[in-house]
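Data block below; observations after.
The values are calculated or read from the model by the stated rules, or taken from the named source; none is laboratory data. Only a predicted model underlies this, so the values are computations on that prediction, with no experimental measurement involved. Here the Cβ is made from the backbone with ideal geometry for all residues, glycine too, and neighbour counts use every protein chain on show. Note: accessible area is taken over every heavy atom of the protein model, side chains too, but ligands, DNA and RNA are not part of it. Shrake-Rupley method; radii C 1.70, N 1.55, O 1.52, S 1.80 Å.
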Amino acid sequence: MLRRIALTVILLFATGANANSYQRGYAQGLLDARFKNIRIKVLSVMDGNAILRDRGCVSLKQRQALEQALTGSADITRVRWRASPCTTTQALAGSQTPAPLGKDEGALPAGELFPPLLADPRQPRFAAHYQAHDIPGAGFNAGLAAIGDSFALARAATRAGRFELGIQAGIFSLFNLDTASLNLINTDFVIGFPVSYRRGAFSARGRVYHQSSHLGDEFLLGNPGVERINLSYEDAELLLAYDLPGIRVYGGGGYIFAANPGLDPAHWHAGLETRWPGALGELDLVGAADLQSFEQQEWEVNQSYLLGLAWRRDGGRELRLMLERFNGFSPNGQFFDTPLSFWGLGVFFDL
């Protein structure tokens, strides 16, 4: 019942969003990376139209450079301004000369063609979580520390669309907060090599990645009867995504081609994300749902839901405070066959 309520809340919120395209975040990151000395805020992106705001003046030359960056790289066809033009004195002073126009292609480009999944429990990122775990016959307060990120290595534009090669790595450590020394329970390591594609509102990400799991020494000392598995596997996954007004939907699946111990290989993955820019002043309201199902777990659906607020600075960094709900099998590798549900609170840092 609770999971239905959570999904219903997210869906209702999504339909009520103010029609801002999901590409607002990509456009904001693009401008932040290219024009570090101009404080521009992307208010909305809808149907190829972008609305920009600047608290200072924006010269004609600056506007042309900003519009060229967006219309050339962010699938935007028109830019509108909510800003005052520079006076003659300001223009002559040249106090706001834009940084040189960078390239969105080539080596080490800004941003990502396929943005990270907000509600995927094993999306590499920087985050800290409190989670009230409920497992069969027991319950405890848990802390999860996540360290990692995704990084674009190279990007190329073709007539068929844009392609990108990247790398991602993450560490996820689970702690028992009910013990005196906050015992380490389990640590998962993830490293992957994604290849992404984007054309207009459509995007895709294929990746090959490795995940391994290791039990904490304190957990083993306190639970001598636990059978140590040290789960490790390599997986190939393909996800397709489409940006609707105010919503991003994605889906796909994967195949585990090497594992120790042996695992049933097939799995599917789907979800949606939505963002309401400026819902509370400078804060965006963000909601996300991520659903995954594995053949190894008899196709039971692992459900992850997030709802909260995001604060984004002009430099491109973002801080999110999110309520969390999870129900399914544990995403902590060593305990992949253990049913788990929890409510939690997470703080996410996008660097």
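Residue-by-condition table, conditions (1) buried (at least 21 other Cβ atoms within 10 Å of the Cβ); (2) modelled with pLDDT of 65 or more; (3) assigned to a helix (DSSP H, G or I):
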| site | (1), (2), (3) |
| --- | --- |
| L11 | no, no, yes |
| R24 | yes, yes, yes |
| R55 | no, no, no |
| T71 | no, yes, yes |
| W81 | no, yes, no |
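Given region 119-195, what strands (runs of 3 or more DSSP E) lie entirely inside it while holding 2 or more residues that are over 23 Å from the mean Cα position of the chain (by Cα) and either on the phi > 0 side of the Ramachandran plot or modelled with pLDDT under 95 (or both)?
Fully inside region 119-195 and qualifying: 138-158.
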When restricted to H214, H267, the only residue open to solvent by less than 30 Å² (accessible area, probe 1.4 Å) and assigned to a strand (DSSP E or B) is H267
How about region 201-236: which of its residues are closer than 16 Å to E112 by Cβ and out of contact with any Pro (no Cβ under 9 Å at 6 or more places or on another chain)? A201, F202, A204
Restricting to region 282-332, count the residues that are open to solvent by 30 Å² or more (accessible area, probe 1.4 Å) and part of a helix (DSSP H, G or I). 2
